[in-house]
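Peer 1: Below: one structure in structure tokens.
The values are calculated or read from the model by the stated rules, or taken from the named source; none is laboratory data. All of these numbers come straight from a predicted model, not from anything done at the bench. Virtual Cβ from ideal backbone geometry, glycine too; neighbours counted across all protein chains shown. In case anyone asks, the SASA skips ligands and DNA or RNA and just uses the protein heavy atoms, side chains included. Shrake-Rupley method; radii C 1.70, N 1.55, O 1.52, S 1.80 Å.
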Amino acid sequence: MIPAVSREVASLLASLPAGPWRDAALAWAARFGADLGAAWADCPRGSWLLWLAGRAAVDDHQLTLAAADCAGAALELTPELGPTLVPALDRLTAWARGAATADEAANAVASAFGLASRHGMLAKGATGEERRRLLALSLVARAVARVGEGRVGPGSPRPPSWPTAADLAAAAAAAGTSREREDVARAIMEARCAELVRARIPAALVLGREPVAVGPAALTAAASARCYVEVCISDERRWQALCELWYEAARAKETGTLEVDDPAWDAALAPAAPNVAEARDALDSLRGGDYRLAPPRRLDDFTGRLEVEPGAVPFGGLGPAAWLAEAFGLAVVAFDEGAGRREGGPGAA
């Protein structure tokens with residue numbers, strides 16, 4: 001039996017993933033009590049509004065369009081990405097209106113992910129203003145991809161995906177300016193996204209609706225959502241060797257036979273040379289933890305994922321997967337532990 005959902009604005013935001021993002025949201029929401037109308041009108045961040053709209057069970061397609069508006073604002077910062085990302089965003093909005101298939105939308109998501117991964121990889125090797133420029137390009141592409149991720153293609157919808165279109169748009173605005181002005185640029189983009197969300201989702205669609213309960217069923221669905229590290233496939237042979245090792249590790253973990261000191265693992269670990277010891281340590285770390293190693297995924301020619309299915313909420317176990325990819329010479333350019341994509345490895349965000 002799921003208890004009645006509190007209508008306190010802070011309670012509706014309390015299910016956000018733990019961290020500074022949630023702390024700031026709860027501090028802002030505290031003064032509104034149960035007055036969701038006042039909070040909706042006052043909210044300074046589009047990302048928070050998208051979360052509240054999701055908790056209020058606003059239609060998925062309407063949420064997609066609102067998230068797309070936020071990603072479109074980010075895309076204005078980087079017109080050089082237009083030839084690739086404008087068609088991708090158009091396909092996602094067409095899908096939300098029933099004018100494109102789920103496969104077409106999934107291809108748009110994959111295209112944006114691939115572009116984000118390539119720019120993210122370049123940013124890792126750059127410095128100074130060039131690094132900030134490349135990071136902004138990567139973040140804008142991620143904002144577009146995030147519009148449809150979890151809503152199209154395989155897998156179940158994941159509530160945490162909605163805020164990050166606006167959140168990544170704000171991060172892109174911050175990365176695309178000087179370090180001295182990044183806080184201002186972030187706040188301006190968040191405020192713009194808030195206005196875009198309010199224009200797309202009027203308060204009347206939110207007020208008076210029964211909030212979505214976060215009970216055992218919701219927690220089970222969240223627990224089964226896949227988390228992942230995203231890697232840049234800079235060497236096809238190393239990626240294939242990593243996938244083969246990952247498949248074997250998944251089977252061994254399922255049967256409780258993942259014992260990396262067994263010489264039988266030596267051949268599978270050999271392609272990680274000269275980082276075999278590091279790969280073995282990472283593999284050993286994957287042995288524990290309440291999660292299942294899901295099959296790796298390839299998004300495009302340049303981008304792949306090592307995926308896990310957590311058995312508990314919250315989840316924070318992607319470190320070993322990232323270490324394993326790096327031991328095989330593949331750079332981790334983003335990760336998602338259930339709260340949305342972030343740049344870099346799990347220890348670098």
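Peer 1: Starting from region 62-109, pick out the GluC sites (Glu not before Pro) whose DSSP state is loop and whose Cβ has at most 16 other Cβ atoms within 10 Å.
Peer 2: Working: sites: Glu76, Glu80, Glu104; in loops: Glu76.
Answer by residue number: Glu76.
Peer 1: Reported to two decimal places, what Rg/Rh ratio describes region 1-147 when computed on Cα atoms with Rh from the Kirkwood expression?
Peer 2: Looking at region 1-147, the ratio lands at 1.04.
Peer 1: Show me, bin by bin at 10 Å from 0, the whole-percent P(r) of region 98-139 based on Cα pairs.
Peer 2: Pairs per bin, as whole percents: 31, 35, 21, 12, 2.
Peer 1: What do you reckon, how do Ile201, Ile188 stack up by accessible area (1.4 Å probe), largest on top? Please list the in-between numbers first.
Peer 2: Values: Ile201 0, Ile188 105 Å².
Highest to lowest solvent-accessible surface, that is Ile188, Ile201.
Peer 1: With only alpha-carbon atoms in the gyration tensor, what are the semi-axes of the equivalent ellipsoid for region 245-309, in Å, largest first? It would help to have the intermediate numbers written out before the result.
Peer 2: On the way: eigenvalues 75, 56, 19 Å².
After scaling each eigenvalue by five and taking roots: 19, 17, 10 Å.
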